[in-house]
1. What length, rounded to one decimal in nm, is gained on full extension from LEU61 through to GLU17, with 0.36 nm per residue of separation minus their alpha-carbon distance?
2. In what order, largest first, do CYS51, CYS34 sit by accessible area if the probe radius is 1.4 Å?
Amino acid sequence: MTEQRLTELEVRVAELEKAVGLTTAENHNPTCACCKEQPGEYELDDTGWICEDCAQYMNDLGNEID
């Protein structure tokens, strides 16, 4: 049980380290979850951000961020 929990924590640490690598110097937000190119401007949830262009595109399609 302990080894399984340790493995799960190691995987989570690796995910967080990857997210830190995606952080931009401009606004310290991760890159956009949609296009993966621009820095995120709007937080979608605890781990996801979306850029202005993708947010506008999603809004044009009828999807709004609450």
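The values are calculated or read from the model by the stated rules, or taken from the named source; none is laboratory data. The model shown is predicted, which means the values in this text are computed figures rather than measured ones. Just so you know, the surface numbers come from the protein's heavy atoms only, side chains and all, with ligands and any DNA or RNA stripped out. Shrake-Rupley method; radii C 1.70, N 1.55, O 1.52, S 1.80 Å.
1. Working it through step by step, the gained length comes to 12.5 nm.
2. CYS34, CYS51
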